[in-house]
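Data block below; observations after.
The values are calculated or read from the model by the stated rules, or taken from the named source; none is laboratory data. These figures come from a predicted structure and were not determined experimentally. Cβ placement follows ideal geometry from the backbone for every residue including glycine, while neighbour counts extend to all protein chains displayed.
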Amino acid sequence: MPPLGDKAPRPSALDDRRLRKVMQFVEANLHAHIRLKDLADVANLSPFHFSRAFRKSTGEPPHRFVRGCRLEKAKQLLIEGDASLAEISLICNFSSQSSFTRAFTRAYGAPPGAFRKAGKSRRR
């Protein structure tokens, strides 16, 4: 029997199965509002424990991971499609086109329109 002061060790990161389920959920729902509670429910954990375990597993908090996935999707749409910036901001669930532009510029160092032009000129 362990001493009274010792607690049984708990895993501090998400196991691969839970992490994979959460990532699939995020990918499938980029168009929708994703709450921390939704992600925690997918992992079958409380929001508090999920948030800590997710950060331990990925190195970033859940909200930053979701935003990064949305920006990656937007980058893909800018390069491969002809959707307007307003349409892309809606598809990726940004609150507005200006919010999308700010986040994209912060992440990639160039506004989405310039990124699209540069990407299309490289493809020629």
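How many residues does the stretch 18-44 contain that are out of contact with any helix residue (DSSP H, G or I) (no Cβ under 7 Å at 6 or more places or on another chain), assigned to a loop (DSSP other than H, G, I, E, B) and under 25 Å from residue 94 (Cβ atoms)?
Of the residues in that region, 4 qualify.
Looking only at the stretch 13-44, how many residues end up being without any contact (Cβ under 8 Å) to a residue 24 or more places away in the chain, surrounded by 14 or more Cβ atoms within 10 Å (Cβ to Cβ) and basic (Lys, Arg)?
1
Could you check residue 2 against (1) at pLDDT below 95; (2) not in a loop (DSSP other than H, G, I, E, B) and say which number it fails?
Among (1) at pLDDT below 95; (2) not in a loop (DSSP other than H, G, I, E, B), the lone unmet condition for residue 2 is (2).
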